[in-house]
Amino acid sequence: MRPLKTLKRLYDENNQVVVTEKGSPPRVIFHGEDFLLEDLPLGTRVVFARLPLQPVPNPKAAIRWALNHPEGMDPLHALLRPGMKVTIALDDISLPLPPMVTPDARQTVLEIVLELLADSGVDDVHLVIANALHRRMTEGEMKRMVGEKIFDAFYPDRYYNHDAEDPNGMVELEHTAQGEVVAINRRAADSDLLIYVNINLVPMDGGHKSVGTGLANYASLRAHHNPKTIRDSESYMEPSKSALHRSTERIGRVIDQHLKVFHIETVLNNRMFDGATGFLGKREEDFTEVDRLKFEVLRYTLSKLPRVAKRKLLMSIPAPYDIIAVNAGATEPCHEKTLEACWRQYSVPVQGQSDIVIWGVPYISPYNVNSILNPLLVQVMGLGYLFNLNRGIPLVKKGGVVILCHPAYDEFDPEHHPSYIEFFNRLLPETRDAMVLEHKYEQEFATNPSYVHLYRKGHAYHGAHPFYMWYWGENGRQHVGKVIVAGAENNHVPELLGWERTDTLAEAIDLARGAVGRSASITLVKSAPILQTDVRL
């Protein structure tokens, strides 16, 4: 990295800087398992995440206070009685990203809740991972999430993954007024009390989406995991403007009418990096000489490793997240306070949209922990998550260009993503139309006996899951005029996804300017740590 020039700080109150003629440092951008170091055109706006908010001083005290002062419900201890049946549902490994340092927030909550249950004479307790149609967590992943003591006490008979395809393990409640199926894990439905332990890393999660999605089956998820609902959602990260959330709210309210549900929601800050990788959480203007040395060492090390080794190395680095808020109680009032904390950490005000928006796509997503970010997951990261990390309106103008920095390699994990392989190689060559894919092929994949077996007995995502990943990018596809993947190592993947490719970011910017004009406005979003743009015109 070249020496920094002396320059005046140009950050405004919104965590932004503009590349000027006086010189700005090159930007470190995620590029899969590698990093780019790029000079950006003059006038490029760079948007940074907020600094991590201070954690609660004593997480265990904060959890106990929330349990004793819940929103809209009696304290947890008042809901307990000897001999009752209690099920505790837990968010799965898809959150947080990367996995947090131990003890995981879920372990900290569980230690307190399980002690309270034991003191109240409650011994019929099951722990269920609310993985919906996600892959089953492995034994090692399960142990890491809750700690050895809890794991040894409950696994495998009383600590297990939800099975959405177990014909005896699901129960249907009444449908919503709109006819949406409300199906839920039978153990949870038969319990006297369902406790849901949630981690909120982004505002899309938690609330009614916890139980109604995490413990549901395919028939229930179809109500909102479909192209029309996604097209009608202005942003998944702003529940009031999301058709997906309106559907999950209708389903969740039916569940709350039939079950007693006590939510415990923790909000994490965005302290994703620490120690040797701590510089990745800084603005490049704030890099010290040591930071620049660390970056060069990291980049050199990654350049010498095979791709599998790179993934293993990066996946082994946990994130030092802190708990910044704990809320408990009834679904809606509890989650309302959770969202307030989320937006305090993640929402960054941005003045105006841009013609061209650049995102670096990291090595990890909710669906490839300890696995490969395959082409469908690159797509969902770009047009599903990064595009939707906004409040108000999208950061990129209607018809604008999105540039994604990623190798776009043609690789899949046959253990975790077998149905993805067929979807990508058989279906996308025929059509990218989400409506056609839904009506022509989704049922076939969802009921495929091999995919059902691999979901139930192996560690594979459900046969319907690649469809959901394609649908998740639907509102991005409808909004954006062009997607360019910079640094793609092949032509095949971008072509099947309907994208264009370039060898370098500079070439991608030049191509994008050709589409929207040489005077196009450009924004680079440094989206790790996570941020959510609050775009104001």
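The values are calculated or read from the model by the stated rules, or taken from the named source; none is laboratory data. Just so it is clear, the model here is predicted, and its values are computed rather than measured. All Cβ positions, even for glycine, are placed from backbone atoms using ideal geometry, and neighbour counts span all protein chains on display.
Please indicate, with yes or no, whether at least one residue in the range 259-267 is in the same structural domain as residue 111 (by TED's automatic domain parsing), at pLDDT 95 or above, farther than 19 Å from residue 198 by Cβ and outside any loop (DSSP other than H, G, I, E, B). Within the range 259-267 (the criterion being in the same structural domain as residue 111 (by TED's automatic domain parsing), at pLDDT 95 or above, farther than 19 Å from residue 198 by Cβ and outside any loop (DSSP other than H, G, I, E, B)), the answer is no, since none of the residues qualifies. Scanning the range 131-174 for residues that are among the acidic types (Asp, Glu) and either assigned to a helix (DSSP H, G or I) or assigned by TED's automatic domain parsing to the domain that holds residue 468 (or both) gives 139, 141, 148, 152.
Scanning the range 111-136 for residues that are of a type in the set (A, V, I, L, M, F, W, C), out of contact with any His (no Cβ under 8 Å at 6 or more places or on another chain) and surrounded by 13 or more Cβ atoms within 10 Å (Cβ to Cβ) gives 112, 113, 114, 117, 122, 125, 127. When 289, 296, 249, 284 are screened for being in contact (Cβ under 8 Å) with a residue 12 or more places away in the chain, acidic (Asp, Glu), more than 28 Å from residue 368 (Cβ to Cβ) and out of contact with any Asp or Glu (no Cβ under 6 Å at 6 or more places or on another chain), only 249 passes. Taking the range 115-129 as the range and being touching a Lys or Arg at 6+ places or on another chain (Cβ under 9 Å) and assigned to a loop (DSSP other than H, G, I, E, B) as the test, the residues that pass are 120, 121, 122.
Just one of the listed residues (307, 344, 311, 299) is closer than 30 Å to residue 144 by Cβ and surrounded by 18 or more Cβ atoms within 10 Å (Cβ to Cβ), namely 311.
Somewhere in the range 516-536, is a residue crowded, with 17+ Cβ neighbours inside 10 Å, in a helix (DSSP H, G or I) and touching a strand residue (DSSP E or B) at 6+ places or on another chain (Cβ under 6 Å)? Break it down stepwise before answering.
We begin by selecting, within the range 516-536, every residue crowded, with 17+ Cβ neighbours inside 10 Å; these are 516, 520-535.
Okay, now just the ones that are also in a helix (DSSP H, G or I), so 516.
If we keep only those that are touching a strand residue (DSSP E or B) at 6+ places or on another chain (Cβ under 6 Å) as well, we get 516.
Yes; the residues of the range 516-536 include at least one that is crowded, with 17+ Cβ neighbours inside 10 Å, in a helix (DSSP H, G or I) and touching a strand residue (DSSP E or B) at 6+ places or on another chain (Cβ under 6 Å).
Residue by residue, here is whether (1) part of a strand (DSSP E or B); (2) within 14 Å of residue 30 (Cβ to Cβ); (3) within 23 Å of the chain's Cα centre (by Cα) holds:
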residue: 293; (1), (2), (3): no, no, no
residue: 297; (1), (2), (3): no, no, no
residue: 301; (1), (2), (3): no, no, no
residue: 313; (1), (2), (3): no, no, yes
residue: 340; (1), (2), (3): no, no, yes
residue: 349; (1), (2), (3): yes, no, yes
residue: 366; (1), (2), (3): no, no, yes
residue: 379; (1), (2), (3): no, no, yes
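Listed by position, the helices (runs of 4 or more DSSP H) inside the range 406-499 whose residues that are of a type in the set (Lys, Arg) number at least 1 are 434-447, 449-457, 474-479.
So, in the range 451-478, how many residues would count as being surrounded by fewer than 20 Cβ atoms within 10 Å (Cβ to Cβ) and in contact (Cβ under 8 Å) with a residue 24 or more places away in the chain?
The number of residues fulfilling the criteria is 5.
Note on the range 61-76: among residues that are small (Gly, Ala, Ser) and either touching a His at 6+ places or on another chain (Cβ under 7 Å) or in a helix (DSSP H, G or I) (or both), the one that is farthest from residue 331 (Cα to Cα) is 61.
Only one of the numbered conditions (1) surrounded by 20 or more Cβ atoms within 10 Å (Cβ to Cβ); (2) free of Cβ contacts under 8 Å to residues at least 24 places away in the same chain is not met by residue 434, and that is (2). The number of residues in the range 271-286 that are buried (at least 16 other Cβ atoms within 10 Å of the Cβ), charged (D, E, K, R) and part of a helix (DSSP H, G or I) comes to 1. What about residue 512, is it surrounded by 14 or more Cβ atoms within 10 Å (Cβ to Cβ), touching a Leu at 6+ places or on another chain (Cβ under 7 Å), in contact (Cβ under 8 Å) with a residue 24 or more places away in the chain and over 22 Å from residue 343 (Cβ atoms)? Considered against the rule, which asks whether it is surrounded by 14 or more Cβ atoms within 10 Å (Cβ to Cβ), touching a Leu at 6+ places or on another chain (Cβ under 7 Å), in contact (Cβ under 8 Å) with a residue 24 or more places away in the chain and over 22 Å from residue 343 (Cβ atoms), residue 512 comes out as no.
In the range 500-514, the condition of being of a type outside the set (D, E, K, R), touching a helix residue (DSSP H, G or I) at 6+ places or on another chain (Cβ under 8 Å) and assigned by TED's automatic domain parsing to the domain that holds residue 382 is met by at least one residue. Taking (1) closer than 24 Å to residue 503 by Cα; (2) in contact with a His (Cβ under 9 Å, 6 or more places away or on another chain) in turn, residue 371 satisfies each apart from (1).
Can you confirm whether residue 460 is in contact with a helix residue (DSSP H, G or I) (Cβ under 7 Å, 6 or more places away or on another chain), within 28 Å of residue 33 (Cα to Cα) and hydrophobic (A, V, I, L, M, F, W, C)? When the stated conditions are applied, residue 460 passes them. Considering 451, 409, which residue is in contact with a strand residue (DSSP E or B) (Cβ under 8 Å, 6 or more places away or on another chain) and over 25 Å from residue 244 (Cα atoms)? Of the residues listed, the single one that is in contact with a strand residue (DSSP E or B) (Cβ under 8 Å, 6 or more places away or on another chain) and over 25 Å from residue 244 (Cα atoms) is 409.
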